[in-house]
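Before any comments, here is the structure.
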2 protein chains.
Amino acid sequence: MKKIINDRENVVEEMLQGMVAAHPEYVKRVEGYDVLVRKNSPVQDKVALVSGGGSGHEPSHGGFVGKGMLDGAVAGEVFTSPTPDQVYEAIKAVDGGAGVLLVIKNYTGDIMNFEMAAEMAAAEGILVENVVVNDDVAVENSTYTTGRRGIAGTVLIHKLAGAAAEKGLELKEVKRVADKVVKNVRSMGMSLTPCIVPAAGKPSFEIGEDEMEVGLGIHGEPGTHKESIKSADEIADQLLEKILDDMEVKEDEEVAVMVNGLGGTPLMELYIVNREVHKKLGEQGIKVYKTLVGNFMTSLEMAGASISVLKLDDELKELLDGEADTPAFKQL
Amino acid sequence: MKKIINDRENVVEEMLQGMVAAHPEYVKRVEGYDVLVRKNSPVQDKVALVSGGGSGHEPSHGGFVGKGMLDGAVAGEVFTSPTPDQVYEAIKAVDGGAGVLLVIKNYTGDIMNFEMAAEMAAAEGILVENVVVNDDVAVENSTYTTGRRGIAGTVLIHKLAGAAAEKGLELKEVKRVADKVVKNVRSMGMSLTPCIVPAAGKPSFEIGEDEMEVGLGIHGEPGTHKESIKSADEIADQLLEKILDDMEVKEDEEVAVMVNGLGGTPLMELYIVNREVHKKLGEQGIKVYKTLVGNFMTSLEMAGASISVLKLDDELKELLDGEADTPAFKQL
């Protein structure tokens with residue numbers, strides 16, 4: 001296991017300390033918990049957004065805490081749902097009186113623990129709503145999920161619902177926006193390599209020297225199948241076709257595109273994928289309004305990529321363009 | 001060779017097309033050349049910055065083209081200096097009458113080709129100055145270099161000299177700032193894995209399953225030595241000690257820190273390194289004014305990290321804080 005770590009049982013704690021040391025102008029730690037919140041939390045009378053999940057997906061989610069995106073992020077152990085008490089502390093730390101929206105990726109453990117935390121918070125009189133992200137079109141049900149999984153599209157919920165909250169919309173409206181983004185976004189990924197959870201010390205799955213795994217989840221859960229490595233264009237076409245088959249996007253309509261790296265793939269390769277995504281969308285007359293290329297939702301050092309497509313309307317375009325200022329995503 | 005590419009001889013061209021497709025609001029291509037320039041180039045009466053070098057270091061340098069950083073970036077073949085005619089086209093495309101500063105990493109090929117381009121441009125009456133970055137404290141002289149190599153610290157030259165140009169300073173002053181940053185910045189890196197240049201198809205060097213290479217360059221050139229993998233803290237201490245030994249930073253002075261990933265290392269590990277860097281600097285009474293953690297100057301999919309430390313004064317702090325708006329680095 002080749003990793004730059006100290007104690008493999010302590011990576012989350014040390015990472016959080018490193019994040020707070022790096023970004024004190026953005027985040028602070030909720031003392032005693034694996035929770036990062038905005039430095040100026042709670043923001044009075046603004047709806048607050050909390051997300052989180054297992055660690056190992058950095059910059060998700062702590063990297064997106066800041067103006068225009070999240071108010072709080074809860075870091076579970078690597079690829080492990082955070083416990084309800086951690087989520088509960090995040091909710092309490094960020095609520096400024098206007099309520100809290102929980103952005104939950106569709107994994108059984110996450111849903112159970114975030115919902116339990118929501119009940120605890122509601123019992124204290126905090127308004128809480130949630131949205132469940134299930135953007136992955138690869139498979140119905142999977143190792144850790146009933147229904148579709150939540151993957152990189154989650155970051156677009158953070159961005160757009162975060163912008164809605166920043167604009168001063170009330171909780172029900174922010175939830176409406178988040179639900180609309182969930183309804184409009186689809187993603188699918190592939191990988192060339194597994195990754196190694198530090199505490200486990202061995203690869204999450206096996207894959208041949210000339211194989212790729214198509215449709216896998218962000219924890220290395222099996223996808224649709226293994227096949228021999230294709231060209232970047234063939235990979236892009238394959239993922240995009242499955243995504244568009246599941247969406248209603250017509251000619252002249254506008255979308256946002258995210259080409260996301262899983263942690264171990266060079267930016268060069270992501271741009272080569274993006275080239276084909278734009279080409280194919282262009283051939284179908286679908287207009288790309290904005291493109292994000294980079295590592296947004298990773299799986300430790302896994303080599304691979306996912307594509308997300310978000311169908312836009314005027315409201316979503318305005319929110320997508322909203323100012324954001326977080327460690328990992330900024331927009332002037 | 002597991003890569004998401006098409007034709008391995010055509011990766012730079014396809015990457016550039018993917019970058020322009022992704023970021024039309026920031027960059028445009030100089031037609032017929034592997035050069036990206038600001039969309040609104042040339043900016044009249046502003047000193048323009050041009051950098052570049054071999055590809056494979058993304059987001060360097062094309063990702064830093066935009067307000068407050070570079071005006072143009074020249075992309076050579078992977079790990080290969082761009083030819084003088086490419087650099088010359090970049091200079092012509094960005095000169096807005098106030099002259100052009102070339103930011104060159106200290107590799108023999110880069111220096112020769114950038115200087116030849118500068119002569120060609122000077123012959124056309126364009127004011128050109130250059131700055132040579134040699135921040136790597138690992139080794140004197142190396143495979144491709146006489147003297148010290150230029151590595152991740154180069155991005156700080158882009159940021160600070162870019163801010164100076166944006167403020168309206170004249171060419172000589174922008175060069176003075178760039179030279180000051182070069183004088184004040186030191187870096188050193190290590191890696192756990194080699195990387196594979198697509199056209200070569202095989203790893204750039206060999207390294208054992210429990211070994212790391214210390215002090216290597218961003219093209220996998222040998223460093224000081226191989227040794228068995230150490231803990232993140234020991235790695236951070238080792239790099240930082242060598243860096244600080246080469247700088248004059250005293251108690252209560254301020255620095256900027258960049259913990260840079262080489263392409264295949266998860267952000268989690270970079271933050272764990274950053275934790276120790278802050279701890280050690282703190283113990284010495286050195287104050288960290290700003291921290292950057294992420295992939296700024298990569299070596300394709302190489303797993304590894306470098307640390308850069310920049311000694312600050314009031315002028316450099318103001319420039320570091322200046323607004324930047326580029327695909328890969330933004331600051332509000």
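The values are calculated or read from the model by the stated rules, or taken from the named source; none is laboratory data. What you are looking at is a predicted structure, and each value in this text was computed from that prediction instead of being measured. Note: ideal-geometry Cβ built from the backbone for every residue, glycine included; neighbour counts use all protein chains shown.
Remarks
- Every condition in (1) among the β-branched types (V, I, T); (2) under 13 Å from the mean Cα position of the chain (by Cα); (3) surrounded by fewer than 18 Cβ atoms within 10 Å (Cβ to Cβ) holds for B:T146 except the one numbered (2).
- Some residue of the range A:78-101 being in contact (Cβ under 8 Å) with a residue 12 or more places away in the chain, under 23 Å from A:A200 (Cα atoms) and part of a strand (DSSP E or B): yes
- Only one of B:P59, B:P42, B:P24 that is in a loop (DSSP other than H, G, I, E, B), facing another protein chain (nearest Cβ under 9 Å) and either more than 17 Å from the chain's Cα centre (by Cα) or surrounded by fewer than 21 Cβ atoms within 10 Å (Cβ to Cβ) (or both): B:P24
- Residue list for the range B:1-29, restricted to those being farther than 26 Å from B:K167 by Cβ, β-branched (V, I, T) and in contact with a Leu (Cβ under 8 Å, 6 or more places away or on another chain): B:I4, B:V20
- Check on B:E166, touching a Gly at 6+ places or on another chain (Cβ under 6 Å), surrounded by fewer than 22 Cβ atoms within 10 Å (Cβ to Cβ) and within 14 Å of chain A (Cβ to nearest Cβ): yes
- Yes/no for A:L192 being modelled with pLDDT of 95 or more, more than 14 Å from chain B (Cβ to nearest Cβ) and either farther than 30 Å from A:L101 by Cα or out of contact with any Lys or Arg (no Cβ under 9 Å at 6 or more places or on another chain) (or both): no
- Of all residues in the range B:102-132 being part of a strand (DSSP E or B) and of a type in the set (V, I, T), the one that is surrounded by the fewest Cβ atoms within 10 Å (Cβ to Cβ): B:V132
- Residue within the range B:282-299 that is buried (at least 23 other Cβ atoms within 10 Å of the Cβ) and touching a Lys or Arg at 6+ places or on another chain (Cβ under 7 Å) present: no
- Test: A:E301 is of a type outside the set (V, I, T) and within 12 Å of chain B (Cβ to nearest Cβ): yes
- Filter result for the condition that a residue is in a helix (DSSP H, G or I) and either of a type outside the set (D, E, K, R) or more than 9 Å from chain B (Cβ to nearest Cβ) (or both), over A:G18, A:G54, A:G32: A:G18
- Any hit, the range B:94-101, residues being touching a helix residue (DSSP H, G or I) at 6+ places or on another chain (Cβ under 9 Å) and either surrounded by fewer than 24 Cβ atoms within 10 Å (Cβ to Cβ) or of a type in the set (G, A, S) (or both): yes
- In this entry, B:E140 passes the filter for residues that are at pLDDT below 95, among the charged types (D, E, K, R) and either in contact with a Phe, Trp or Tyr (Cβ under 8 Å, 6 or more places away or on another chain) or surrounded by fewer than 24 Cβ atoms within 10 Å (Cβ to Cβ) (or both).
- Screening A:E209, A:E283, A:E251 for residues that are within 14 Å of chain B (Cβ to nearest Cβ) and within 25 Å of B:P24 (Cβ to Cβ) leaves exactly one candidate, A:E283.
- Selection within the range B:177-207 - among the polar types (S, T, N, Q) and over 16 Å from the mean Cα position of the chain (by Cα): B:S191, B:T193, B:S204
- Residue in the range A:271-279 that is at positive phi and modelled with pLDDT of 95 or more present: no
- Wholly within the range A:210-276, strands (runs of 3 or more DSSP E) carrying at least 3 residues that are more than 18 Å from the chain's Cα centre (by Cα): A:211-214, A:225-228
- When A:E13 is tested against (1) surrounded by fewer than 20 Cβ atoms within 10 Å (Cβ to Cβ); (2) free of Cβ contacts under 8 Å to residues at least 60 places away in the same chain; (3) in a loop (DSSP other than H, G, I, E, B); (4) of a type outside the set (S, T, Y), just one condition goes unmet, and that condition is (3).
- Residues of the range B:136-185 that are under 20 Å from B:G97 (Cα atoms) and assigned to a loop (DSSP other than H, G, I, E, B): B:K167, B:G168, B:L169, B:E170.
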